[in-house]
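Read through the structure below, which is laid out as structure tokens, and then see the notes.
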Amino acid sequence: MLQQGILNPQVLDLLARIRHTNTLVICDWAFPYWNEIETIDLALTRGIPNVLDVLSLLQSNFKVGQIWQAGEFLKTNPPETIEAFD
């Protein structure tokens, strides 16, 4: 039985299937939802877990090739929030 790191079986399954040309979106509770795109919703309540919590857990299991930040994120957040994602 897994006891540390990512414990969610859906997340682990998804990570095992991602390849070089695939895209993984990690977003908060307010991101739009599309039926045709596989989605794993981890939200317990607004802001829990937050994107940085999820990213920190992924780093030990997943090699990130490239990161994109939405223009809306960059336009609507204060500099200290944007810097937290660098």
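Spot the failing condition for W29; the list is (1) within 28 Å of G71 (Cβ to Cβ); (2) modelled with pLDDT of 90 or more; (3) under 15 Å from the mean Cα position of the chain (by Cα), and only one is missed.
Of (1) within 28 Å of G71 (Cβ to Cβ); (2) modelled with pLDDT of 90 or more; (3) under 15 Å from the mean Cα position of the chain (by Cα), only one is false for W29: (2).
Wholly within the chain, which helices (runs of 4 or more DSSP H) include no fewer than the required count, namely at least 2 residues that are loosely packed, with under 10 Cβ neighbours inside 10 Å, of a type in the set (A, V, I, L, M, F, W, C) and free of Cβ contacts under 8 Å to residues at least 12 places away in the same chain?
By residue number, no helices (runs of 4 or more DSSP H) qualify.
Pick from N35, N61, N77, N50: which is at pLDDT below 90 and polar (S, T, N, Q)?
N61
The values are calculated or read from the model by the stated rules, or taken from the named source; none is laboratory data. Computed from a predicted structure; not experimentally measured. Cβ atoms come from the backbone with ideal geometry, glycine included; neighbour counts cover every protein chain shown.
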